[in-house]
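Working notes, beginning with the structure itself.
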Amino acid sequence: MKPYTYIVCILSLLVTGASAADSEHLAWEKQIVASCLVLEAANQGEEGMRAVASVIRNRAGGSSDGILKVVKKPYAFSALNTATTGKTGSRGFADLVRRSSQDRHWSIALKIVEEMYSHQWRDVTAGADHYVRKGLYPKWAKDMDLTAIIGEHVFLSLIHISEPTRPLYIS
């Protein structure tokens with residue numbers, strides 16, 4: 001084998017190995033995000049999980065690049081607080097992913113996450129970047145604009161909408 005061919009083969013293997021590692025990391029990242037959707041809104045079906053996914057995308061500035069950072073922010077999603085605050089130790093998100101993957105909505109959550117990472121995401125919350133359970137209105141939500149009510153969640157926007165609109169209701 002000529003030296004040039006040998007170098008090309010080695011470089012090809014290195015590049016393939018790097019992309020396989022990146023792919024594996026991205027798959028784990030997507031499982032963490034899917035866990036968030038399941039634990040926060042699986043009881044509200046696909047539309048409820050899509051709404052939580054919309055909030056995540058909106059907090060990430062509409063880009064897929066910051067999705068995991070948003071999900072891993074401490075106290076951002078109450079269902080993940082044990083992992084995001086370090087209370088799970090070295091296990092990190094593994095227990096939450098394991099538990100979520102047993103839910104009957106897991107495959108739907110994974111499908112939604114794939115869509116979140118695509119460039120064809122459709123926000124179902126009219127720009128919401130926060131949400132609360134119906135009937136709970138914490139102090140931090142008092143100056144926010146209502147954008148949608150979907151399932152058992154009320155969706156809100158910290159950024160005030162210049163033209164007040166009627167909120168979107170989906171039951």
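The values are calculated or read from the model by the stated rules, or taken from the named source; none is laboratory data. In this text the structure is predicted, and so the values were computed from the model without any measurement. In this analysis, Cβ positions are derived from the backbone assuming ideal geometry, glycine residues included, and neighbour counts consider all displayed protein chains. The protein model used for the area step is the full one, side chains on, heavy atoms only, and it has no ligands, DNA or RNA in it. Shrake-Rupley method; radii C 1.70, N 1.55, O 1.52, S 1.80 Å.
Summarising the overall dimensions of region 32-171 from its C-alpha atoms, the Rg and Dmax are 14.5, 47 angstrom.
FRET efficiency for the pair S90 and I159, taken as 1/(1 + (r/R0)^6) with r the Cβ-Cβ distance and R0 = 45 Å, rounds to 0.75.
Leaving ligands and nucleic acids out of the surface, order W121, W28 by accessible area at 1.4 Å, largest first. Could the numbers behind the result be given before it?
Values: W121 45, W28 100 Å².
Reading off the accessible areas and sorting them downward yields W28, W121.
For region 34-110, the relative contact order is 40 percent, taking Cα pairs closer than 8 Å that sit 6 or more residues apart in sequence and dividing their mean separation by the residue count. Taking the average, over residues, of other Cβ atoms within 10 Å as the packing measure, peptides 141-151, 83-93 rank 141-151, 83-93 from highest down. For region 22-76, the solvent-accessible area works out to 42 Å² per residue, with a probe of 1.4 Å and every protein chain left in place.
What Kirkwood hydrodynamic radius, in Å, does region 74-122 give when the mean of 1/r is taken over all pairs of distinct Cα atoms and then inverted?
After inverting the mean inverse Cα-Cα distance, the result is 12.2 Å.
Given +1 at the Cβ of Lys and Arg, -1 at the Cβ of Asp and Glu and no other charges, the dipole of region 15-159 around its Cα centre is 460 debye to the nearest 20. Eigen-decomposition of the gyration tensor built on the alpha-carbon atoms of region 18-73 gives equivalent ellipsoid semi-axes of 21, 14, 8 angstrom, largest listed first.
Rank these residues by their accessible area, most exposed first, probe 1.4 Å: R133, R122, R57, R104. Provide the component values of the computation, followed by the final result.
On the way: R133 100, R122 155, R57 25, R104 200 Å².
These residues rank, largest area first, as R104, R122, R133, R57.
Cα centroid distance between region 38-71 and region 85-135, in Å? Their Cα centres are 6 Å away from one another.
Rolling a 1.4 Å probe across the protein heavy atoms gives region 94-151 an accessible surface of 61 Å² per residue.
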